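What follows is calculated from the coordinates using simple rules that are stated; it is not laboratory data. This structure is a prediction, so every number in the text was calculated from the model and none was measured. Cβ placement follows ideal geometry from the backbone for every residue including glycine, while neighbour counts extend to all protein chains displayed.
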Amino acid sequence: MLLELNRLEIPPGQRVLLRNVSWNEFETILEELGEKRAARVAYNRGMLEIMTPLPEHERSKENISDFIKILFEEFDIEFLPLGSTTFKNESMSQGIEPDNCFYIQNEAAIRGKNRIDLNIEPPPDLALEVDVTSRTNTKIYQTLGVPELWRFDRDKLQINILRDGIYTETEFSPYFPNIPLTQVIPEYLQKLKTESRNKTMREFRAWVKEQIS
């Protein structure tokens, strides 16, 4: 499998599915791929997906992540972004690399750690996924117990909260109650297509401050 993997070229926006991948093979593949790579992986009970993102995907991911950081800053909520860290749990046969993720309630418990073992440490409190060419495998996040999952797909932002082990779509994030983010963030993403980033981010920050006051 590793020989085939070394020969594999995945064009941006494409994905490859490998079936019947054992946990040891998954670990070896992660090591073979290395950390400095564009490809991201998702592993669900023997099924391994390897995908490479398009510029459209990366642009939306970065912009939404910046909006989330502004929200935490203005609400004065401590947080720790960990990007596309690989989260895996052998006993659950699950592994995922989110587009971005944030420790919030558990930020202090993770602060300063260079390695995260989900057998010991909690999963991130919030994960972000941008679906452009493939759909997020929500079952992996559910099994790992990630409390909140944001998905952006076809200009729509969806906020999902984990309740009794299953995600339920909700209008508001518990961290930002009564703030209509599913409506407003897509509007600001559209602005970024015609206006400069700094100007748009300043406008978004000002809007957040208005909501707080």
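Numerical summary
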| quantity | calculated |
| --- | --- |
| Hits among lysines - C-alpha to C-alpha of Lys88 under 24 Å, sequence gap 8 or more where chains match | Lys36, Lys61, Lys113, Lys139 |
| Rough spin-label spacing in nm, given labels placed 7 Å along Cα→Cβ, for Thr28 and Gln190 | 5.1 nm |
| Local net charge near Gln183, Cβ-Cβ under 11 Å (Lys/Arg +1, Asp/Glu -1) | -1 |
| Contour excess over end-to-end distance, with Cα ends at Glu35 and Ile77 and 0.36 nm allotted per residue | 12.2 nm |
| Exposed-site-free run, longest, the chain (rule: GluC sites (Glu not before Pro); DSSP loop; at most 13 other C-beta within 10 Å) | 79-170 |
| Proximal charge balance of Glu31 [Cβ under 12 Å; K/R count +1, D/E count -1] | -3 |
| Residue-wise HN-Hα coupling along region 78-87, computed from phi with Karplus coefficients 6.51, -1.76, 1.60 (Hz; x: Gly, Pro) | 5, 8, 9, x, 10, x, 9, 3, 7, 10 |
| Extension reserve of the Lys199-Lys113 stretch, reckoned as 0.36 nm per residue once the Cα distance is removed | 27.5 nm |
| Cα shape, the chain, gyration tensor, a/c 1.5 rule | prolate |
